[in-house]
Every structure is written in structure tokens, then in C-alpha cells.
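Have a look at the structure below before the remarks.
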Amino acid sequence: MNISSHNDALLAQHTRRLDFLKSEVNLPAGILQKLKDFQIAIPSWALGTGGTRFGRFSGGGEPRNLEEKIADVGLLHALNQSSGAISLHIPWDIPTDPAAIRSLAAQHGLAFDAVNSNTFQDQANQAHSYKFGSLQNVSAATRKQAIDHNIEVIKHGVSLGSKALTVWLSDGSCFPGQLNFRHAYERTVDSLREIYAALPSDWALYLEYKAYEPNFYSTTVGDWGASYSMVNKLGPQAKTLVDLGHHLPNANIEQIVSILLMEGKLGGFHFNDSKYGDDDLTAGSIKPYQLFLIFNELVDGMDAKGMNHAKDLGWMIDASHNVKDPLEDLLQSVEAIQIAYAQALLVDRAALEAAREANDVVRCQELLQAVFRTDVRALVAQARLELGGALDPIALFRQEKMREQLIVARGAKTVATGL
Ligand code: RM4
Ligand code: MN
Ligand code: MN
């Protein structure tokens with residue numbers, strides 16, 4: 001991959017854009033370093049084409065195993081220098097030889113982010129079915145199987161150097177009357193306590209919530225209130241994970257984020273975007289202003305607590321769909337996240353606070369929207385350039401015919417494990 005000749009060809013145009021941005025806004029000291037430090041984990045299940053329940057249209061050259069998934073994330077990271085971690089879903093991606101997998105990832109400059117358990121599907125040879133739930137199940141044996149699976153996932157994570165377990169439960173009910181809500185909640189908390197007890201002391205447990213799907217009447221961890229109350233019962237290492245697609249329509253996600261962060265219970269993120277539900281579309285593709293407002297709260301809340309932006313929360317993408325090249329899509333998501341983060345760093349917080357104290361609603365909006373309407377792409381590109389990445393990762397991906405090369409190497413009909 002010839003990054004430097006690609007960058008040389010674009011340098012004059014890039015410099016012009018960056019100079020213009022610098023002439024328009026005051027860049028706060030350290031902003032480039034913050035952008036350079038900010039890494040976003042890529043989910044191992046997003047490297048193949050995502051299907052829907054109606055079909056799946058493979059794009060060809062999909063990774064056939066964990067090694068090839070790591071190579072794909074390595075490719076992304078080489079292009080953008082901002083995708084320095086991979087988040088694994090077990091059992092879709094079991095590391096059979098952890099030492100070899102670890103060293104392969106290290107060769108690509110990648111770390112292992114949170115590991116994800118899966119008790120929303122039955123696996124071959126599984127003794128008990130999750131049809132009626134896992135951690136909430138009325139059967140103690142089924143609950144134990146699900147608990148043991150989560151503990152197994154922690155062990156895989158430990159072998160790779162991960163530091164967090166993400167638990168997303170599809171548990172709930174499809175019809176009124178099917179479930180005793182209190183019993184389901186209590187059983188879930190009791191099961192989570194057993195998983196929590198198996199966490200290494202430097203690990204976190206992220207409990208993700210989701211309003212609906214695959215259950216359509218109730219979800220046991222259905223909103224941030226349910227997750228928050230549960231993680232509070234578990235202990236300090238348990239936190240809530242916010243997946244942007246998991247809310248009911250029009251939910252004020254930035255306010256949820258702000259409160260969880262203030263309470264010290266925000267663990268991390270699954271970035272994606274949506275028009276209707278858990279659509280898992282490219283981050284920033286539908287509601288970029290919302291993404292900016294979320295980052296605005298994140299930066300404000302993290303600074304209020306003196307937190308390290310890059311390290312103190314888990315930043316992950318959780319997107320997967322069926323019409324784009326997954327690698328190009330992930331490059332777009334990472335860039336959208338960085339743009340929102342960069343813009344949030346540009347907000348004049350003192351002026352915003354003063355306007356709030358003066359009840360100057362108009363000025364508040366002006367301050368935020370002035371930043372949102374500033375084109376910071378050159379700044380994000382500069383961070384990439386300084387790290388040795390490509391000025392225009394998608395253009396380079398296409399110029400070098402990377403997908404075509406993957407198809408030659410892996411075949412046109414490969415199907416990655418995942419959704
Ligand atoms: C769920 C949730 C989880 C993800 C699965 C594949 O909707 O977002 O985080 O692991 O999908
Ligand atoms: Mn998710
Ligand atoms: Mn989801």
C-alpha cells in the first residue's frame with residue numbers, strides 16, 4: 001500500500017484546507033494530540049456483509065476466519081491509524097491459539113477491546129435452548145449454562161489482553177402475560193452477579209440495553225434505567241453501555257449519556273446510526289447533529305471528571321448492514337466519529353456556560369451550531385497524516401483495489417461469521 005505517494009498527491013489541497021480552517025477557528029492547544037490518541041474498536045462481526053432476516057448479499061472477499069478478520073482491521077488501521085483495536089464476539093470468533101492471535105494482532109498494531117458474549121442464539125451441541133431467555137430463564141440449568149458461557153468469554157478475553165466483557169441480552173417476552181417482569185429482572189440480576197464475581201479485578205462489565213428486538217413486547221434490560229439499576233446492584237466494575245440504535249424513537253440520547261457519565265456509570269459505546277430502530281447503519285449517516293451533541297456531552301462530562309478521553313470509556317463501533325463494502329463503511333464510521341469528537345473539542349465551553357447562566361437560548365444554539373457547521377475534516381486528516389495514515393483512506397482503498405485483492409486471495413463467495 002503506497003500511503004506516502006497517495007498523501008503527496010493530496011498534500012497541497014490538504015494544506016490549503018487546513019490553513020483555511022486555522023484562519024477561521026482557534027484550535028485549542030493539544031487538539032491534534034487528542035485526535036491522534038482517540039482509537040475506535042472495530043467489531044469482528046462487522047467485517048462481513050450484514051444480513052437482514054430477508055437475505056444476505058455477500059460482497060466477496062469476506063474474512064473466513066479470525067486471522068483474516070484481524071488482517072482486515074489491520075488494513076483499516078493502516079489506512080486511518082484510528083482503528084487500533086478489535087472487539088470479538090464469542091462464539092463467532094473463538095481464539096483457538098490465543099498466543100498466535102495476540103502476536104498477529106500486535107503485528108498489525110491492534111489491541112483487543114471488550115469481548116462480547118452471545119446468549120441470544122443457540123449453538124450446536126448446546127444442552128439448553130435460549131428460546132425463552134438466558135440469564136432470566138425460568139430454568140436454573142439454562143441460566144447456569146448462560147452464566148458459564150459468559151465466564152468462558154471472560155477467559156478468552158483474558159488470554160488476549162481484553163479488559164471488559166460486554167453483555168447484551170435479548171431476554172424478554174413477545175406477548176403480554178408471558179413473563180413475570182419482577183422474576184425476570186431478579187433472575188437476571190442474580191445471574192449477572194455470578195458473572196460479575198468471575199471478573200478479574202482490572203476488568204469492567206458493560207451491560208447493554210435495547211428497547212426491543214428480537215422480543216417485541218418486553219425486553220428485560222430494555223432501557224438505560226433497567227441497565228443502570230442493575231449495574232448499581234453489581235458493583236463498581238459494572239457499567240452501562242450505550243448502543244446508539246437501542247432507544248425508542250426520539251429518545252434524548254445525549255441527556256442519557258450526560259447523566260450516566262455524571263453518575264460514574266457510563267462504560268462505553270456502540271456507535272452506529274439509525275432511522276427507525278436498531279438499524280446498525282454507518283455512524284453519522286442519518287443524524288450527524290445528534291452524534292455531535294452526544295460528543296458534546298461526552299467531552300463536557302469527561303472533562304468535569306478529569307477523565308482521559310481516549311482511555312476511560314470503551315469506544316466501539318457496532319454497525320453491520322447489507323449494501324456497502326464493510327471496510328469502506330467502517331472507514332466512514334470512524335471518520336464520522338472523529339469529526340463529531342473534533343467538533344466537540346472546539347466548543348467554547350466558557351461562552352456556552354455564560355450563555356446558559358444568562359438564559360440566552362439563542363446564543364447557546366449559535367455556539368453549538370457554529371461548531372457543528374465548521375468543516376473539521378482537514379483537522380482529522382492532519383491527525384491521520386501525522387500518525388502515518390492516509391489523507392483520504394477510502395480513495396486509497398479504491399485506488400489500490402483492495403477489495404479486488406481480497407476477492408482474489410479469499411474468493412468471491414466467502415461468508416464471514418456474524419449476523
Ligand atoms: C445486538 C447488540 C449487541 C450486538 C449484537 C450482534 O443488537 O447491539 O451489541 O453484539 O446485536
Ligand atoms: Mn450493540
Ligand atoms: Mn444492536
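The values are calculated or read from the model by the stated rules, or taken from the named source; none is laboratory data. What you see is a predicted model, and the numbers here were worked out from it, not measured in a lab. Because the Cβ atoms are built from the backbone with ideal geometry, glycine has one as well, and the counts that use them run over all protein chains shown. Calculation scope for accessible area: heavy atoms of the full protein, side chains included, ligands and nucleic acids excluded. Shrake-Rupley method; radii C 1.70, N 1.55, O 1.52, S 1.80 Å.
Kindly check whether there is at least one residue in the range 69-89 that is among the charged types (D, E, K, R), within 23 Å of TRP168 (Cβ to Cβ), open to solvent by less than 10 Å² (accessible area, probe 1.4 Å) and assigned to a helix (DSSP H, G or I). Yes, the conditions are met somewhere in the range 69-89. Can you list residue pairs whose Cβ atoms sit under 6 Å apart, with the first residue in the range 148-176 being more than 17 Å from GLY314 (Cβ to Cβ) and within 16 Å of ligand 2 (Cβ to nearest atom) and the second being hydroxyl-bearing (Ser, Thr, Tyr) and open to solvent by 10 Å² or more (accessible area, probe 1.4 Å)? Count only pairs 6 or more apart in sequence or on different chains. Listed by first residue and then by second, the contacts come to ASP171/THR220; GLY172/SER218; GLY172/THR219; GLY172/THR220.
Scanning the range 310-356 for residues that are without any contact (Cβ under 8 Å) to a residue 24 or more places away in the chain and either farther than 30 Å from LEU205 by Cβ or within 16 Å of ligand 3 (Cβ to nearest atom) (or both) yields a count of 8. Comparison of ILE253, ILE259 shows that the only residue that is more than 24 Å from ALA141 (Cβ to Cβ) and surrounded by fewer than 18 Cβ atoms within 10 Å (Cβ to Cβ) is ILE259. Taken over the range 224-250, the criterion of being among the charged types (D, E, K, R) and within 17 Å of PHE271 (Cβ to Cβ) is satisfied by LYS239, ASP243.
Looking only at residues in the range 205-245 that are within 16 Å of ligand 3 (Cβ to nearest atom), part of a strand (DSSP E or B) and in contact (Cβ under 8 Å) with a residue 40 or more places away in the chain, which one is surrounded by the most Cβ atoms within 10 Å (Cβ to Cβ)? For the range 205-245, the residue satisfying everything is LEU241. Residues in the range 12-53 that are of a type in the set (A, V, I, L, M, F, W, C), within 15 Å of ARG377 (Cβ to Cβ) and either under 27 Å from the mean Cα position of the chain (by Cα) or open to solvent by less than 80 Å² (accessible area, probe 1.4 Å) (or both): LEU18, LEU21, VAL25, LEU27, ILE31, LEU32, LEU35.
Listed by first and then second residue, the pairs with beta-carbon distance under 8 Å, at least 6 apart or on different chains, first residue in the range 288-309 and under 15 Å from LEU352 (Cβ atoms), second open to solvent by 50 Å² or more (accessible area, probe 1.4 Å), are PHE292/PHE372; GLU297/GLN255; ASP300/ARG349; GLY301/MET262; ASP303/ARG349; ALA304/MET262. Taking the conditions (1) modelled with pLDDT under 95; (2) within 13 Å of ligand 1 (Cβ to nearest atom); (3) of a type outside the set (Phe, Trp, Tyr); (4) more than 25 Å from MET1 (Cβ to Cβ) in turn, GLY48 satisfies each one other than (4). Note on the range 362-419: residues that are small (Gly, Ala, Ser), out of contact with any His (no Cβ under 7 Å at 6 or more places or on another chain), open to solvent by less than 20 Å² (accessible area, probe 1.4 Å) and not in a loop (DSSP other than H, G, I, E, B) total 1.
Scanning the range 304-340 for residues that are crowded, with 23+ Cβ neighbours inside 10 Å, polar (S, T, N, Q) and over 18 Å from ASN116 (Cβ atoms) gives a single hit, GLN338.
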